[in-house]
Structures are given as structure tokens and as C-alpha cells.
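These notes concern the structure reproduced below.
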Amino acid sequence: MIYTQPELPYAKDALQPAISQMTVDYHYGKHEKAYIANLNKLIEGTEYADMELEDIIRESKGALFNNASQAWNHIFYFFSFSPDGGGEPQGELKKAIDSQFGSFEDFKKAFVQAGASIFGSGWVWLSKDTDGRLFITQESNAGNPLTAGLTPILTFDVWEHAYYLDYQNRRADALEKLWDIIDWDVVSSRY
Ligand code: MN
């Protein structure tokens, strides 16, 4: 199977000012494009060639894991946004957040704090287990909670390439601005 990069469901300048057009161009147009190209090269002619991407992430290591997971993570990340985003989670996800974190405001604080405090490159995740219990986890580099048997709900990319053009060293500020563009219809439906 050859993986292709899906077109974003919004214009490249539509996430401004939270994420600039230049960052979308580099981050999705170059970084993510390269992960997908590397993934395709690495699986060609191997036992992974016809595997679903989630299964490659669960079963691979090293360069293949890194590129497969980064390919998946960025699609998940960029498809969580909308120029009409913002607001609050809905339905069962909202109930679970309120019940586990006290309030949406408390959840947002904990999530940004977890992302801001990752040392080096990585991702902060909100995931659920099979009982619907929510977890905020920090992953280094290409890490993905699928490998721990969890179902991802939301992620923020904390690699410098995600924010340095727009925010330089101010990672927490960059993460805070993402709340303005979260598409809670999409994210709530993952719960
Ligand atoms: Mn990234």
C-alpha cells in the first residue's frame, strides 16, 4: 500500500493567528510530507507493506516506527483544527473531562502544562482506555499512545518545528493558542 498525504480541510492561511500560513506550509507541506515519503520507502517489499498504519505503529521499531508514527500523528493533529474551532468539548467527552479533571478550564491547564514540560521534542496526548477513562500523557519524539493500548482523542505537537517560526521559544504560548482552533466536533467524536 502506498500512503498519500490527505489535503487539509481548510486553507493554509485559515488557522491564523494561532498557526501561520508559513508554519502550515513547512510543518504539513514539508515535514509531514517527508515522514510519509520515508514511510513508503521503508515498507516497500516488506511484511509491513500491506499493514494498516496503526498496526505498523504498534508492531515496528526504529526508523520505521518513527516515520510511521510521525505520519499518523501529524494527520491526527492537523485534522483536529478548524478556522471555526474553539469553544468546548461536547457530549460524553465533556462529561468525562468534567468528571475527571474538575472542569474544562482545569483540563486545559493540565494539558498545556504537560505539553510545555516535555523535555525536547514530543507530543502531549489525551487518550482513553477501553473503560472510557481519560489519560493525559507525555511522549518523546514520535511516541503515540496506541502502543500502550490507548485510543488517542487529542494531541498537541511540541516539536520546535510546530511553533518556532511563529512563537520562537514560547512553547506554552503556542499551545495556549491552539484552543482557539480545536474542532470539538471532530475531537469529541473520537471519544
Ligand atoms: Mn510536527
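A few notes on this one:
- Longest exposed-site-free window of the chain, the sites being GluC sites (Glu not before Pro) in a DSSP loop that have at most 16 other C-beta atoms within 10 Å: 53-191
- Where the Cα pairs of the chain fall when distances are cut into 5 Å bins, in %: 1, 8, 16, 20, 21, 17, 11, 5, 1, 0
- Listed residues 137, 46, 23, most fluctuating in the chain (Gaussian network, C-alpha, under 10 Å): 46
- Between the amide H of residue 86 and those of 181, 182, 183, 184, distances stay under 5 Å, these residues lying 5 or more places away or on another chain, with hydrogens modeled in the peptide plane.
- Most fluctuating residue given options 169, 73, 38, as computed from a GNM of the chain linking Cα atoms under 10 Å: 169
- 18 Å Cα cut-off, lysine pairs counted over the range 4-86 (separation 8 or more, or different chains): 5
- When only the Cβ of Lys, Arg, Asp and Glu is charged (+1, +1, -1, -1), the dipole of the chain relative to its Cα centre reaches about 380 debye.
- Taking 0.36 nm per residue of sequence separation and removing the Cα-Cα distance, the residue 113/residue 30 pair yields an extension gain of 27.1 nm.
- Restriction of the trypsin sites (Lys or Arg not before Pro) in the range 148-189 to DSSP coil positions whose beta-carbon has at most 14 other beta-carbons within 10 angstrom yields 170.
- Axial C-alpha extent at least 20 Å, average Kyte-Doolittle at least 1.6 - helices from the chain (DSSP): none
- Here is the list for the range 35-86: trypsin sites (Lys or Arg not before Pro) lying in DSSP coil, each with at most 15 other C-beta atoms within 10 angstrom of its C-beta, are 61.
- Note on residue 95: lysines with a C-alpha under 29 Å away, same-chain residues under 8 apart excluded, are 108, 109, 128, 177.
- Accessible area expressed per residue, the chain, with surrounding protein chains retained (probe 1.4 Å, Å²): 48
The values are calculated or read from the model by the stated rules, or taken from the named source; none is laboratory data. These numbers come from a predicted model, not from an experiment. Virtual Cβ from ideal backbone geometry, glycine too; neighbours counted across all protein chains shown. Surface areas here come from the heavy atoms of the whole protein model, side chains and all, with no ligands, DNA or RNA. Shrake-Rupley method; radii C 1.70, N 1.55, O 1.52, S 1.80 Å.
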